[in-house]
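Engineer: Take this structure, written in structure tokens, and hold onto it; I'll ask about it next.
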Amino acid sequence: MSTLSEHVDLRNDLIRLVTSRLLDPLDILLPQANLTDLRSTVRADADMWAAQLLGPDDALARRVAIRLLTVLYPGDAPFDPPETWWATPLGRVTARRAGHPSKDHVSLGVAGAMLGITRQGVHDLVNRDKLLRHPNGGVTVDSIRTRLSLRRDQ
């Protein structure tokens, strides 16, 4: 279950991201355009996206997360955020609902960032079979999502 605080933090993060990455550049490029209505729409839609990302429908949450990341972080290379991104409201919900959107395994450092723990904490969880090693090194993203889900259900 998500909390009101988590919903508000995520909604505000989404508003900030959409505004800074999409609306502000449009405002610079098209200074004569009136973006007031669009800004209001973003506020309403961010509330809906937060509800979908935090809601009970895993498939919907995953689709919304991937859609937002595709639009907010476009590029020719697969999305690979810095470790600090996973501590943001969107990063935390993405880790839980979609895992890493472009990888099936990540380093111990990234796994720690996704879980909000130290690299040593990840190492300990791997040694206790609470996280699964990937044959190519690191930790499987599925085991991270499972761990986050278990933590959430408690």
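Engineer: So which trypsin sites (Lys or Arg not before Pro) in the stretch 61-134 end up in coil per DSSP with only 10 or fewer other C-beta atoms within 10 Å? Please list the in-between numbers first.
Structural biologist: Values: sites: ARG62, ARG63, ARG67, ARG92, ARG96, ARG97, LYS103, ARG119, ARG128, LYS130, ARG133; in loops: LYS103, ARG128, LYS130.
Sites meeting the loop and neighbour criteria: ARG128.
Engineer: Let me ask something additional. Given a 1.4 Å probe, how much area per residue of the chain is accessible, in Å²? Spell out each step's value before the answer.
Structural biologist: Working: 8910 Å² over 154 residues.
The answer is 58 Å² per residue.
Engineer: Can you tell me how the stretch 1-86 classifies by the Cα gyration tensor, rounded, prolate or oblate, using a/c under 1.5 as the rounded cut?
Structural biologist: oblate
Engineer: Same structure again: Under unit Cβ charges (Lys, Arg +1; Asp, Glu -1), what dipole magnitude, rounded to 20 debye, does the chain have relative to its Cα centre?
Structural biologist: It works out to roughly 420 debye.
Engineer: Gap in Å between the Cα centre of the stretch 108-132 and the Cα centre of the stretch 1-27?
Structural biologist: After rounding, the separation between the Cα centres reads 28 Å.
Engineer: Now for a separate question. Just tell me, in residue order, which DSSP H segments of the chain are both 15 angstrom or longer along the helix axis (alpha-carbon based) and at least -0.5 in mean Kyte-Doolittle hydropathy.
Structural biologist: Going by DSSP H runs, the hits are 4-18, 36-54, 58-72.
Engineer: Label-point separation (nm) for SER149 and GLU83, each offset 7 Å from Cα along Cα-to-Cβ?
Structural biologist: 2.7
Engineer: Which value in deg cm²/dmol, rounded to the nearest 500, describes the helix-derived mean residue ellipticity at 222 nm for the chain, given -39,500 (n - 2.57) per DSSP H run of n ≥ 4 and division by the residue count?
Structural biologist: Estimated from H runs of four or more residues: -19000 deg cm²/dmol.
Engineer: In whole percent, what relative contact order does the chain give with Cα contacts below 8 Å and a gap of six or more residues? Please list the in-between numbers first.
Structural biologist: Working: 160 pairs, mean separation 31.1, N = 154.
Over the chain, the number comes to 20 percent.
Engineer: Answer with one residue from GLY91, GLY55, ALA77: the one whose Cα lies farthest towards the positive end of the charge dipole of the stretch 46-101, charges on Cβ with Lys, Arg +1 and Asp, Glu -1.
Structural biologist: The one lying farthest along the dipole's positive direction is GLY55.
Engineer: Quick one: with all protein chains in place, what share of the accessible area of the chain is carbon or sulfur, to the nearest percent (1.4 Å probe)?
Structural biologist: The nonpolar share, carbon plus sulfur, comes to 54 percent.
Engineer: With labels modelled as points extended 7 Å from the Cα through the Cβ direction, what inter-label distance (nm, one decimal) is found for ASP57 paired with SER107?
Structural biologist: In this crude spin-label approximation the distance works out to 3.7 nm.
The values are calculated or read from the model by the stated rules, or taken from the named source; none is laboratory data. Keep in mind that what you see is a predicted model, and the values were worked out from it rather than measured. Virtual Cβ from ideal backbone geometry, glycine too; neighbours counted across all protein chains shown. Side chains are part of the model used for accessible areas, which takes the heavy atoms of the whole protein and leaves out ligands, DNA and RNA. Shrake-Rupley method; radii C 1.70, N 1.55, O 1.52, S 1.80 Å.
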